[in-house]
Structures are given as structure tokens and as C-alpha cells.
Amino acid sequence: MPPTTATTTPLSTLPVEILLSIIAAVMHGEDDDIGTAIRTHVRRFRHASAAVYRVWRAHKTALMSRVALERLALLKIRARLIRRRQVRARLRHCVWLASMRLRRNIDDRFDWFAVVQVLANSAASLADCAAAVIRIRIFHLKCFLSPGYMPCELDWTDPWKRNDL
């Protein structure tokens, strides 16, 4: 039996499209910020070969814009889920307030009132914090988009904008 050997291909022989997809995958490796991914992962990778460095220098803006758009598509899904959680938490809180006003029995009202109020407020505040994180991520991704991109498409987490929930 012949021994199994893995063949390696030098980076300089790969086509530009494959190098661009590799760099995009490296940029997607960091969850927080594209700038952090560029400073940590892409920086090391672009110094691995002169071909990678040339591809990076030539296509840097288009690549960052492409990765930002892909991340925005993922953030849009998360923003809609978080917005649904916000609306549900607010509705639960309104229903809870209405039930407290309609309740005629005063016995043990304050203990139950305190526990349920803390639960309703914590659910609403957690959804608000998650929406704030999404807003911050969208703000950071706006920096990497090309000037021709319409910034009005980024207002998914605006609380005053009507969403399709």
C-alpha cells in the first residue's frame, strides 16, 4: 500500500478568489469586531505570503465591505429576535399591571407584587441591554461599509420604527 501523503499548495499559486474567501473566513473568526479581527488574525495571515499581502492591499476595502454586509445580515436576524423579546416583555409587564389593578384581594399583595415586579422589570431590562449591544455592533460595522451603502437600512433596532413582528 502506498503511504498516504498530504500535498500542500503554496499560497502564491492559489487564485485571487480563493485567497479572498480565505481572508473573509479569517475575518469572520472574530465575533466582536472586524477591526479586532484585522489586527489579530488577518495581520498574521497577510504576512504569511507576499501573494496574500498583495491581494489584501488591492481588495481590502471591498473585502471589509463584504464581510460587514454579511455580518449585518446576521445581526438583522438577531435584532428581530431581540425586538420580539422586548415587545413580549413589555406586554407581560402591562398585563401584570392590569391584573394588579383588577385584583380585589389585598392579602399578601405586597410580597407577590414585589416578586413579580422584579421578574417583569428584569426581563424587560435584559431585552433592552441586548438591543443596545446590537446597536453598538451595527454602529461599528457602519465604519467598514463603502460610502455607497445606504445607512437607512441599518435601523433595525430603532424602538420608534415600526417592525414586522
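Just so it is clear, none of the values below were taken in a lab; they were calculated from the coordinates. In this text the structure is predicted, and so the values were computed from the model without any measurement. Reconstructed Cβ throughout: ideal geometry from the backbone, glycine too, with neighbour counts over all protein chains shown.
Would you mind putting 131-142, 61-72, 88-99 in packing order, based on average other-beta-carbon counts within 10 Å, highest first? Intermediate values should be presented prior to the final figure.
Values: 131-142: 16.2, 61-72: 17.8, 88-99: 13.3.
For the peptides 131-142, 61-72, 88-99, the packing ranking is 61-72, 131-142, 88-99.
How far, in nm, would the chain grow between residue 48 and residue 22 when pulled straight, counting 0.36 nm per residue and subtracting the alpha carbon separation?
Values: separation 26, 0.36 × 26 = 9.36 nm, distance 1.28 nm.
Extra length available between residue 48 and residue 22 comes to 8.1 nm.
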